[in-house]
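For reference, the structure is listed below as structure tokens.
The values are calculated or read from the model by the stated rules, or taken from the named source; none is laboratory data. From a predicted model like this one, the values you see are computed outputs, not experimental measurements. A quick note on method: Cβ atoms are made from the backbone with ideal geometry, for glycine too, and the neighbour counts reach across all protein chains shown. SASA here: full protein model, heavy atoms, side chains in, ligands and nucleic acids out. Shrake-Rupley method; radii C 1.70, N 1.55, O 1.52, S 1.80 Å.
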Amino acid sequence: ETCVPAHLIGHEGHHHAHRMTCPLTATLCSVHMSVKSHNIRANLRLRVIDSDFFASKKSVGVERPRNTPGARLPGVSSQIRRVAYTQSYFTRKFRSTESLRPCAIRTTEACSVPAQYMTPEEKYIFDLNGYIIVKGVLSPDEVALCNQALDVRAGQFQERKGELRLSGSTALGGDGSTGRADLGGMLEWDAPDREPFRSILCHPRLIPYYNELVGKGYRMDHLPLTITQQAGSEGFMFHGGATDSSGEWSQDLAYTFRNGKMYNALLAASLVLSASAEGDGGFAIIPGSHKSNFPCPKGIKAYETHKEFVVNPALEPGDVLLFTEAATHGTIPWKAKHQRRVVIYRFCPHNMSYGRSYFPSWPPKMLEGASEAQLAVLEHPYHIRLDRPVPKQHASFSEESGNSSHVEVEIPQRRADFKIDHDEKVFGTKYF
């Protein structure tokens, strides 16, 4: 087994990987890739040996196969000689050290280069369970900025009391008095406080997941919501599901699979801002429930029976948890001493809507200073074939942009001018 620095796996013309990745967190896992140089091909199995990744402020290098057609590769490492250099966009985010430690990591781990698609493993995991965790989407500095912005507005959180309580059962009631606290408006704040929150709309790490799970032209549906739980805070009765309480199919939340592709009518993205260990409480889900043909029994919804089927995943600050609203999910009372903090976003296909906060317009301050890609995600619901702008899946990085990336916009399906002219004559508008 040979370890190669992963930040240049997928380097154009030299390495080809299932996905370009670069780790910042430790994970004991392996990645398959093939290394090609002219007619040399070697299959490597890379194993994580260290996660203390470093990218130099100058140039960093990766060894790659010597350009020697037909060379034998008994151990691969004997053929890895020539060094290529590249700049790393995230040198501003991480401290410099004197060493570059080799490591490799699966696609859901923190990385410097945005993935171009979900891997077969990730697709399988999401289809199987109804959720997936994308590790380290935001850097520690960005997480700190989010938390600082929330700390300043701590007095604006609204605690759920009385009729607003969400537990609905003794098992989810916590200490019986402390409620969940909610805060909105993050996208409307002045810069720089708003920037890391806005980045989730079209973050280069997340665009491939949004496109795969919701579809190109995905749009933000609900206004984002920050949720906090103190020790003893109540949970939230399990809800969602492929089938509603009457046994009818939940079309407005539906997860479907057709012709090799997943379709989610409503996808939730939960930005994690404080650590959550398994058993601490917080988000919980019944894996596979997005495919259930029967309504969830009351005892399970109330977290009173069959708790063994509920998963309370461990999450780290900067992670983004993606789950389909078709999966039965809820919140377990918070047990940890520190405060739980997450920000919930929801996305739906280009021509669909669940919420109505976009009508007749999003809050004006939410649009001020937004990038073209962010504005594209905030478009009202209409079909992609009607000149809908969408964030490009291939993102380029920029030092000047607020979240270290600049995402371009494209219009994948343009409506013919003669059709627009005709509609304008018939309807008085450019689009029917």
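Couple of notes before you dig in:
- Long-range amide H partners of Thr243 with built H, under 5 Å: Ser250
- Normalised per residue, the volume of the convex hull around the Cα set of the stretch 303-376 (Å³): 174
- For the pair Asp190 and Val311 in one chain, pulling the backbone fully straight at 0.36 nm per residue adds 39.8 nm over the alpha carbon distance.
- Reference-scaled alpha-carbon Rg (2.2 N^0.38 Å with N residues) for the stretch 312-428: 1.42
- Residues Glu408 and Arg258, FRET efficiency given R0 of 30 Å [Cβ-Cβ distance, rounded to 0.05]: 0.50
- Compactness index (Cα Rg / 2.2 N^0.38 Å), the stretch 261-319: 1.31
- Within the shell defined by Cβ-Cβ distances under 10 Å, the residues around Ser250 carry a net charge of -4, with Lys and Arg each +1 and Asp and Glu each -1.
- Portion, in percent, of the accessible area of the stretch 116-168 that falls on carbon or sulfur, probe 1.4 Å: 55
- Accessible heavy-atom area order of Cys202, Cys296, highest first, probe of 1.4 Å: Cys296, Cys202
- Gyration tensor (alpha-carbon) shape descriptor, the stretch 192-326, a/c threshold 1.5: oblate
- The calculated FRET efficiency for Glu278 paired with Leu128, based on their beta-carbon distance and R0 = 30 Å, is about 0.95.
- Under-5 Å amide H pairs with Asp221, H placed in peptide plane, nonlocal only: Arg346, Phe347, Cys348
- Difference of contour (0.36 nm per residue) and Cα-Cα distance, His380 to Ser292: 28.6 nm
- Residue list for the stretch 373-390, given a label point 7 angstrom along the Cα-to-Cβ vector of Asn351 and an amide N cut-off under 19 Å: 377-390
- Accessible surface of the stretch 311-373 [probe 1.4 Å, protein heavy atoms]: carbon and sulfur percent: 55
- Alpha carbon centroid spacing (whole Å) that separates the stretch 126-167 from the stretch 230-284: 15
- Val409 long-range amide H proximity, modeled H, under 5 Å: Lys392
- For the cross-link pairs Lys261/Lys425; Lys161/Lys335; Lys337/Lys392; Lys216/Lys291; Lys135/Lys337; Lys216/Lys307, the ones whose C-alpha atoms lie over 30 Å apart are Lys261/Lys425; Lys337/Lys392; Lys216/Lys307.
- The chymotrypsin sites (Phe, Trp or Tyr not before Pro) of the stretch 123-196 that DSSP puts in a loop, and whose beta carbon has at most 15 other beta carbons within 10 Å, are Phe157.
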